[in-house]
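Asks: First the structure, then my questions, so here it is.
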Amino acid sequence: MALLNILLFPDPRLRTKAVEVSTFDENLQTLVDDMLETMYEAPGIGLAATQVDKHIRLLVMDVSEDKNESRVLINPQILAVEGEEEMDEGCLSVPGYYESVTRADKIHVRAQDSRGNFFEFHADDLEAVCIQHEMDHLDGKLFVDYISSLKRDRIRKKLEKLKKQEQKG
């Protein structure tokens, strides 16, 4: 397994719309394993393939307290939504920033596993929010798109400044 490089906002590659996965092979399983390792190391609760510059409809997540219940969702679809929940969200591609975002509280999801088998399940609370957040990445959207342009510009400028300092360093 290998740690992958996580793209940081405002990298334009984060705006790429991911394509459906059609090949379920060893390369896909390796990417899944590497993404899980990267997510746990970061540390985070979710990671979309887009964030590691792989533009396929794949996300990994683990919202468990013990970090031992990883989930892999390939070609995920939200079939139904219910309710609304406002929660502070952070993002591995926007490190150090948290903003309140309103999303569906309960969702019904259909996805495929790393072998291509379809499955469905209900998710609520943090798990539902995490899935919606990661699915946004697959569509080229970030949680900062839900906040005011003033706040978003401020975050972008701070992260660009930080990147320049790291490149000099």
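Asks: Going by what's in this entry, would I78 be described as over 13 Å from the mean Cα position of the chain (by Cα) and either part of a strand (DSSP E or B) or of a type outside the set (G, A, S) (or both)?
Replies: Here the answer is yes, as I78 does meet what is asked.
Asks: Of the conditions (1) open to solvent by 30 Å² or more (accessible area, probe 1.4 Å); (2) part of a loop (DSSP other than H, G, I, E, B), G116 fails just one. Which one is it?
Replies: (1)
Asks: Now a separate question. For residues that are of a type in the set (S, T, Y) and over 26 Å from K67 (Cα atoms), scanning just the stretch 11-42, find the one that is nearest to the chain's Cα centre (by Cα).
Replies: It comes out as T16.
Asks: Okay, moving on. Name the pairs whose Cβ atoms lie under 8 Å apart, with the first residue in the stretch 123-140 and more than 17 Å from A49 (Cα to Cα), the second open to solvent by less than 10 Å² (accessible area, probe 1.4 Å) and assigned to a helix (DSSP H, G or I), and 6 or more positions between them or separate chains?
Replies: As it stands, the answer is A123/I131, since those pairs meet every condition given.
Asks: Determine which member of the set I131, I147, I107, I74 is modelled with pLDDT under 95 and among the hydrophobic types (A, V, I, L, M, F, W, C).
Replies: I147
Asks: If a residue must be in a loop (DSSP other than H, G, I, E, B) and buried (at least 18 other Cβ atoms within 10 Å of the Cβ), how many such residues does the stretch 9-20 contain? Before the answer, list the steps.
Replies: Restricting attention to the stretch 9-20, the residues satisfying the condition of being in a loop (DSSP other than H, G, I, E, B) are 9-11, 16-18, 20.
So of that shortlist, the ones also buried (at least 18 other Cβ atoms within 10 Å of the Cβ) come out as 9-10, 18.
Residues that pass the stated criteria total 3.
Asks: Could you grab the pairs with beta carbons closer than 6 Å, sequence gap of 6+ or different chains, first residue in the stretch 84-109 and more than 23 Å from F121 (Cβ to Cβ) and open to solvent by less than 20 Å² (accessible area, probe 1.4 Å), second one among the hydroxyl-bearing types (S, T, Y) and assigned to a loop (DSSP other than H, G, I, E, B)?
Replies: Filtered contacts from the stretch 84-109: no entries.
Asks: Of all residues in the stretch 21-33 being in a helix (DSSP H, G or I) and of a type in the set (V, I, T), which is surrounded by the most Cβ atoms within 10 Å (Cβ to Cβ)?
Replies: Only one residue fits best here, namely V32.
Asks: Would you confirm, using the coordinates I've provided, whether L3 is crowded, with 19+ Cβ neighbours inside 10 Å, more than 13 Å from the chain's Cα centre (by Cα) and modelled with pLDDT of 95 or more?
Replies: Numbers: crowded, with 19+ Cβ neighbours inside 10 Å: no; more than 13 Å from the chain's Cα centre (by Cα): yes; modelled with pLDDT of 95 or more: yes.
No, not satisfied.
Asks: May I ask you to list the residues in the stretch 100-144 that are of a type in the set (D, E) and out of contact with any Gly (no Cβ under 8 Å at 6 or more places or on another chain)?
Replies: D113, E120, D124, D125, E127, D136, D139
Asks: Looking for something part of a strand (DSSP E or B) and in contact (Cβ under 8 Å) with a residue 60 or more places away in the chain - is there at least one such residue anywhere in the stretch 34-46?
Replies: To start, the set of residues in the stretch 34-46 that are part of a strand (DSSP E or B) comprises 46.
With in contact (Cβ under 8 Å) with a residue 60 or more places away in the chain added as a condition, the list becomes 46.
Taking every residue of the stretch 34-46 in turn, at least one turns out to be part of a strand (DSSP E or B) and in contact (Cβ under 8 Å) with a residue 60 or more places away in the chain.
The values are calculated or read from the model by the stated rules, or taken from the named source; none is laboratory data. Computed from a prediction, not measured in an experiment: that's the story for all the values here. Glycine gets a Cβ as well: all are built from the backbone with ideal geometry, and neighbour counts include every protein chain shown. The accessibility values were calculated without ligands, DNA or RNA, using every heavy atom of the protein model including side chains. Shrake-Rupley method; radii C 1.70, N 1.55, O 1.52, S 1.80 Å.
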